[in-house]
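To keep things clear, I will list the structure first and then write my remarks on it.
The values are calculated or read from the model by the stated rules, or taken from the named source; none is laboratory data. Here the structure is a predicted model, which is why all the values come from computation and not from measurement. Cβ coordinates were reconstructed from backbone atoms using ideal geometry, including for glycine residues, and neighbour counts include every protein chain displayed.
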Amino acid sequence: MPLQEIKHPAIDIDLRYATPDNVTGQTIYHHAIAFLHKDALAALARAAELAVAQGFRLRVFDAYRPSAAQWRLWGALPNPMFVADPRIGSMHTRGVAVDLTLSQADGTPLDMGTAFDEMTSQSCHGRTDISLPAQHNRRLLLGVMTAAGWAHHPHEWWHYNLPDPTRYPPLSDEVEGEALLK
Ligand SMILES: [Zn+2]
């Protein structure tokens with residue numbers, strides 16, 4: 001079974017697609033359970049250790065996304081600028097992508113300049129038109145994640161995936177997908 005649940009003392013689970021508080025305004029998942037491919041889970045645990053060493057925690061907004069959920073997202077927002085076309089597939093359906101932020105030891109998320117899933121150019125890496133603390137916080141997350149072996153996404157400060165994600169097949173029919181969507 002390639003997918004495993006994210007359970008780590010320094011990782012908070014805050015699945016936005018299990019609430020209407022996401023870009024579609026709709027509840028996509030019926031359960032707030034986060035899964036990753038076991039290779040990605042090991043890399044996320046390394047990132048959590050690095051975050052803890054600096055006094056932070058990780059907060060996960062999305063992880064494995066069943067293809068049925070990708071279709072629901074697409075149905076709610078059929079625009080390839082914002083949502084991966086489910087016929088092409090998302091790195092999240094392979095179980096090797098995670099959307100996350102850093103938070104303080106008490107769980108308070110750090111200011112990253114824009115909200116998770118905010119589809120504006122200010123969500124891109126390398127922006128200087130957000131506050132200096134937010135620029136600093138994004139680079140903290142970038143450093144923790146890349147040191148742990150993750151690749152960043154230039155347009156989304158919250159998105160990381162394992163390098164060469166197409167090495168991993170889409171996992172549309174896994175039982176974990178059923179657990180999220182039923
Ligand atoms: Zn993502």
- Note on the structure: Requiring at least 2 residues that are touching a helix residue (DSSP H, G or I) at 6+ places or on another chain (Cβ under 9 Å) and not charged (D, E, K, R), the strands (runs of 3 or more DSSP E) wholly within region 1-46 are 3-5, 35-37
- Query: So is residue 127 farther than 20 Å from residue 23 by Cα, away from the ligand (no atom under 16 Å from the Cβ) and either in a loop (DSSP other than H, G, I, E, B) or without any contact (Cβ under 8 Å) to a residue 60 or more places away in the chain (or both) or not?
  - Reply: yes
- Take region 125-134 and flag every residue that is surrounded by 14 or more Cβ atoms within 10 Å (Cβ to Cβ) and under 23 Å from residue 84 (Cβ atoms). 125, 127
- Query: For residue 89, all conditions in the list (1) surrounded by fewer than 17 Cβ atoms within 10 Å (Cβ to Cβ); (2) away from the ligand (no atom under 12 Å from the Cβ); (3) modelled with pLDDT under 95; (4) part of a loop (DSSP other than H, G, I, E, B) hold save one; what is the number of the exception?
  - Reply: (1)
- Query: Which pairs have Cβ atoms under 6 Å, sit 6 or more apart or on different chains, and link a residue in region 2-23 that is among the small types (Gly, Ala, Ser) to one that is not in a loop (DSSP other than H, G, I, E, B)?
  - Reply: 10/48; 10/52; 10/57
- Just for region 92-117: of the residues that are in contact (Cβ under 8 Å) with a residue 60 or more places away in the chain, within 16 Å of the ligand (Cβ to nearest atom) and assigned to a loop (DSSP other than H, G, I, E, B), which one is surrounded by the fewest Cβ atoms within 10 Å (Cβ to Cβ)? 117
- Query: Any idea which residue in region 160-178 is modelled with the lowest pLDDT, counting only those that are more than 21 Å from residue 112 (Cα to Cα), buried (at least 16 other Cβ atoms within 10 Å of the Cβ) and within 16 Å of the ligand (Cβ to nearest atom)?
  - Reply: 171
- Task: Hey, can you tell me all the residues within region 135-165 that are closer than 18 Å to residue 54 by Cβ, assigned to a helix (DSSP H, G or I) and either hydroxyl-bearing (Ser, Thr, Tyr) or in contact with a strand residue (DSSP E or B) (Cβ under 9 Å, 6 or more places away or on another chain) (or both)?
- Result: 137, 138, 140, 141, 142, 144, 145, 146
- Task: Could you tell me which residue of region 19-38 is surrounded by the most Cβ atoms within 10 Å (Cβ to Cβ), considering only residues that are under 15 Å from the mean Cα position of the chain (by Cα) and over 22 Å from residue 77 (Cα atoms)?
- Result: 36
- Task: Look through region 145-159, keep the residues that are away from the ligand (no atom under 11 Å from the Cβ) and more than 17 Å from residue 59 (Cα to Cα), and return whichever of them is nearest to the chain's Cα centre (by Cα).
- Result: 151
